[in-house]
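Trainee: I have a structure here, written as structure tokens, and I will follow up with some questions on it.
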Amino acid sequence: MKDQYFGDINDYRKYGLLRILAVQARVSLGICWLLTEDDDRGGGELRRYLSKPAQWRRYDTELYDKLRGLLTPDLPRRVTLAKDWAVIPRATYFEESLPDDVGPRAGYFARATTALDQCDLWFFDPDIGIEIDSVPRGRTDSSQYVYWTELRDAFQRGHSLLVYQHFPRVNRDRFVPFLASRLADELGSRHVIGFRTAHVAFLLVGQERHAARLAAAAVEVGTRWSGQIAVWTPLDEGGGSDSQAGRAGRSICTRESCPEEQGFGNTGERTMPATASHQPVPTILLIAASRGLGRAMAEEFLKKGWHVVGTVRDRSAHTKLHELAAQYTGRLEVETLDICDQEQIAALRQRLSDRMFEMLFVNAGITNDEKETIEDVTTDEFIRVMVTNALSPMRVVEALQGLVSADGLIGVMSSGQGSVTNNVTGMREVYRGSKAALNQFMRSYAARHAGTQRALVLMAPGWVRTEMGGPDARLSIDESVPNLVNVLLKKRGNPGLEYLDYQGRTVPW
């Protein structure tokens, strides 16, 4: 930690995380800054967020208002302001500078232990993160790291730990699970949670007595800081360490299967390999998942061990997706998106710019009065249905396609009523027309991307008893969604566009 960076955008996220852990988990915090000397790299541009309250204040209004004091031009930047301004509740601080030399360093940690020993959770905030082989303890610049022996000593004294970690030049999607697994092995804890921002990660290692409260607080972090702090947990709290999700999360990269781990701090770009039997946890970006089919799809993917990023339209509303997030600690992130708002689509793309997904599925859609014909419908109502069901889903696909892995899947929820061939009864004319238009737009998209290895699919879920489908629909959600998800999983790895129903049968165009 350096004084010159106090209050920058990374600090805003960091303090927001610490504040939730302190309040929601009801733990006392010991803050060990691992303070080092300032350098000549400035950092003032990272405080521009403080002049954009409309965009940033909503995440933590009290914290934001405190940090706004940094806009005073003559105010010196120093980490002691965190204590002076009572930025973090229930916190005790150790603010000495950390030396490189082994002897003085040992004295530093002895004094830190005396100062913080009554605290439940210790936060270590090194410049870079956990030690690397090329910088042994006592060497020049070793003050930029915290070392395994220091972490073990603190954990063995009965403290839960939170550790700052700057991202090295490795695959970020694999790095957090890898480091979490290493922490679990080194410290002997099965309660490890990762928090990831656009630039850094935080690894939380819980003592048994704190674990349940810390896990609940992690859910709050993922909800309140949605789009800024993503939460990852290696264990399925509902299924224990032997669950499918637990095995997938913990086994991504072990010391034996990932020989490059000893050099993850080097400057070369590295991708940490997984063995054939230890694959990374796949992630789906599921658009419109607050209720109905979308919420049921989110739950089905979670049951199958996937990580889910699901969107809701109203940030202020507590939806069934939020309830699901509380059941699947750290494995479901809630984002906000109104698909008819192009600015929100662009903002979501920016927030997720450093992520990669194995699947993107757009579920959004509305209907109108099924008896309303083209003769009856107003122009405004026609536009509303067509924009929501045809134009906006494709705008989402176009904007977010770059977040999907090269061999991933892009899917859109269509309907059997979008089939021109099968329309022998009429009725629901505007809805049918919107889904037929969606199908046509997706075919054009596929034609423009004919060389892609991605799988493309239009899904017809059947007539399902949801708020939109109505009480008289033929299928229950349980009869449709599990089959639909299985169809999507089977379609992965098979390039090209298909129009399929929930049983995997081809629907005629």
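Trainee: If Lys and Arg each add +1 and Asp and Glu each add -1, what is the summed charge of the other residues whose beta carbon sits under 10 Å from the beta carbon of N483?
Mentor: That sum, taken over residues with Cβ under 10 Å, equals -4.
Trainee: Can I ask one more? For the stretch 315-394, go through all pairs of different Cα atoms, get the mean of 1/r, take its inverse, and jot down that Kirkwood value in Å.
Mentor: 15.4 Å
Trainee: Here's something else I'd like to know. Suppose R0 equals 56 Å; then what is the FRET efficiency for E370 and R26 from their Cβ-Cβ distance, rounded to the nearest 0.05?
Mentor: Result of the calculation: an efficiency of 0.60.
Trainee: Turning to a different aspect of this structure: Among 490-502, 283-295, how do they line up from the highest to the lowest mean number of other beta-carbon atoms within 10 Å?
Mentor: 283-295, 490-502
Trainee: Using a 1.4 Å probe on the protein heavy atoms, what percent of the accessible area of the chain belongs to carbon and sulfur?
Mentor: Carbon with sulfur: 47 percent of the solvent-accessible area.
Trainee: Could I ask something else about it? Label L489 and V387 with points 7 Å out from Cα along Cα→Cβ: what is the distance between them in nm?
Mentor: 3.8 nm
Trainee: In Å², what does the accessible area per residue of the stretch 44-121 work out to with a 1.4 Å probe?
Mentor: Ligands and nucleic acids excluded, the figure is 53 Å² per residue.
Trainee: Answer with one residue from S414, P168, L67: the one whose Cα lies farthest towards the positive end of the charge dipole of the chain, charges on Cβ with Lys, Arg +1 and Asp, Glu -1.
Mentor: Of the options given, the answer is S414.
Trainee: So what is the calculated 222 nm ellipticity per residue for the chain, using -39500 (n - 2.57) for each DSSP H run with n of 4 or more, over all residues, to the nearest 500 deg cm²/dmol?
Mentor: After summing the helix terms and dividing by residue count, I get -10500 deg cm²/dmol.
Trainee: Take every Cα pair under 8 Å in the chain that's 6+ residues apart, average their separations, divide by the length, and report that relative contact order as a whole percent.
Mentor: That works out to 10 percent.
Trainee: Right, another one. Order of 85-92, 48-55 by packing, highest average Cβ count within 10 Å first?
Mentor: Taking the mean over residues of other Cβ atoms within 10 Å, the ranking is 85-92, 48-55.
Trainee: Let me ask something else. Roughly speaking, what is the centre-to-centre gap between the stretch 437-509 and the stretch 1-38 when only Cα atoms are used, to the nearest Å?
Mentor: Centre-to-centre (Cα) distance: 45 Å.
Trainee: Separate question: Compute the long axis of helix 477-491 from its Cα atoms, compare it with the longest principal axis of the Cα atoms of the chain, and write down the angle in degrees, 0 to 90, nearest 10.
Mentor: Once rounded, one gets 80 degrees.
Trainee: Give, as a single signed number, the net charge of other residues whose beta carbon lies under 12 Å from the beta carbon of N439, with Lys and Arg counted +1 and Asp and Glu -1.
Mentor: My count for the surroundings of N439 gives +2.
Trainee: Could you do me a favour and compute the accessible area per residue for the stretch 408-461, 1.4 Å probe, result in Å²?
Mentor: So the stretch 408-461 comes to 39 Å² accessible per residue, rounded to a whole number.
Trainee: OK, next. Would you report the distance distribution of C-alpha pairs in the chain as whole percents per 10 angstrom bin, up to the bin with the largest distance?
Mentor: Over the chain, the share of Cα pairs per 10 Å bin runs 4, 18, 27, 23, 15, 9, 4, 1, 0 percent.
Trainee: Greater than 22 Å separation of Cα atoms is the criterion. Which listed pairs, K14/K304; K14/K66; K303/K491; K52/K320; K304/K491, meet it?
Mentor: Listed pairs above 22 Å: K14/K304; K52/K320.
Trainee: Dipole of the chain, Cα-centred, from +1 at each Lys and Arg C-beta and -1 at each Asp and Glu C-beta, to the nearest 20 debye?
Mentor: Roughly 540 debye for the chain.
Trainee: Okay, moving on. How large is the convex hull of the C-alpha atoms of the stretch 52-179 per residue, in Å³?
Mentor: Cα convex hull per residue, to the nearest whole number: 166 Å³.
Trainee: Quick one: angle between helix 429-448 and the longest Cα principal axis of the chain, in degrees between 0 and 90, rounded to 10, please.
Mentor: 60 degrees
The values are calculated or read from the model by the stated rules, or taken from the named source; none is laboratory data. This is a predicted model, so every value here is computed, not measured. Counting neighbours? That spans all protein chains shown, and the Cβs are built from the backbone with ideal geometry, glycine included. Keep in mind that these areas ignore ligands, DNA and RNA; they rest on the heavy atoms of the full protein, side chains included. Shrake-Rupley method; radii C 1.70, N 1.55, O 1.52, S 1.80 Å.
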